[in-house]
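Engineer: Below is the structure I would like to discuss, written out as C-alpha cells.
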Amino acid sequence: MDWQAIGRMLIGVGLFIFSIGVVMFAVGKFFNLGGLPGDIVFRKGNFTFYFPLVSCLVISIILTIVLNLIFRR
C-alpha cells in the first residue's frame with residue numbers, strides 16, 4: 001500500500017472540499033440564492049420546512065453550462 005499516494009489524495013480531496021466551501025460562502029454573501037421566489041417555506045409554530053426548489057434549478061442549470069463548457073470536446 002502506498003501511503004504517500006493516499007495522503008496526497010486525501011489532501012487533494014480536502015482542498016477541493018475547502019474550495020467548494022469558500023465558493024458557497026462567497027455566493028451566500030453576495031447572492032440571495034436560498035431565498036428566491038419559488039422556494040417553498042412552511043412555518044408552523046416551532047417547525048420550519050424549507051425546500052429550495054428554484055434555487056436547486058438555478059444551481060443545476062449553472063453547473064450544467066459550466067461543466068459542458070469544461071468537458072466539451
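Engineer: Conditions first: (1) under 19 Å from the mean Cα position of the chain (by Cα); (2) among the hydroxyl-bearing types (Ser, Thr, Tyr); (3) surrounded by fewer than 10 Cβ atoms within 10 Å (Cβ to Cβ). Thr48 passes all but one, so which condition is the exception?
Structural biologist: Among (1) under 19 Å from the mean Cα position of the chain (by Cα); (2) among the hydroxyl-bearing types (Ser, Thr, Tyr); (3) surrounded by fewer than 10 Cβ atoms within 10 Å (Cβ to Cβ), the lone unmet condition for Thr48 is (1).
Engineer: With the checklist (1) surrounded by 10 or more Cβ atoms within 10 Å (Cβ to Cβ); (2) small (Gly, Ala, Ser); (3) at negative phi in hand, flag the one item Gly38 doesn't pass.
Structural biologist: Condition not satisfied by Gly38: (3).
Engineer: On to the next question. Working carefully through the options Gly38, Gly14, Gly34, Gly28, find the one that is of a type in the set (Gly, Ala, Ser) and at pLDDT 90 or above. Let's see the steps before the verdict.
Structural biologist: Details: Gly38 fails: at pLDDT 90 or above; Gly34 fails: at pLDDT 90 or above; Gly28 fails: at pLDDT 90 or above.
Criteria check complete, one pass: Gly14.
Engineer: Let me ask you something else. So, in the stretch 1-57, exactly how many residues are in a helix (DSSP H, G or I) and in contact with a helix residue (DSSP H, G or I) (Cβ under 7 Å, 6 or more places away or on another chain)? Spell out how you get there, then give the answer.
Structural biologist: Taking the stretch 1-57 and keeping what is in a helix (DSSP H, G or I), we get 3-30, 33-35, 53-57.
Narrowing further to those that are in contact with a helix residue (DSSP H, G or I) (Cβ under 7 Å, 6 or more places away or on another chain): 27, 33-34, 55.
The total comes to 4.
Engineer: Return the pair list, or none, for Cβ contacts closer than 7 Å from residues in the stretch 34-53 that are closer than 23 Å to Met24 by Cα and charged (D, E, K, R) to residues that are at pLDDT 85 or above and outside any strand (DSSP E or B), at least 6 apart or on different chains.
Structural biologist: Asp39/Pro52; Asp39/Leu53; Asp39/Val54
Engineer: What single numbered condition from (1) over 15 Å from the mean Cα position of the chain (by Cα); (2) in a helix (DSSP H, G or I) fails to hold for Ile61?
Structural biologist: Every listed condition holds for Ile61 apart from (1).
The values are calculated or read from the model by the stated rules, or taken from the named source; none is laboratory data. The shown structure was predicted, so the numbers you read here are calculated from the model rather than taken from an experiment. In this analysis, Cβ positions are derived from the backbone assuming ideal geometry, glycine residues included, and neighbour counts consider all displayed protein chains.
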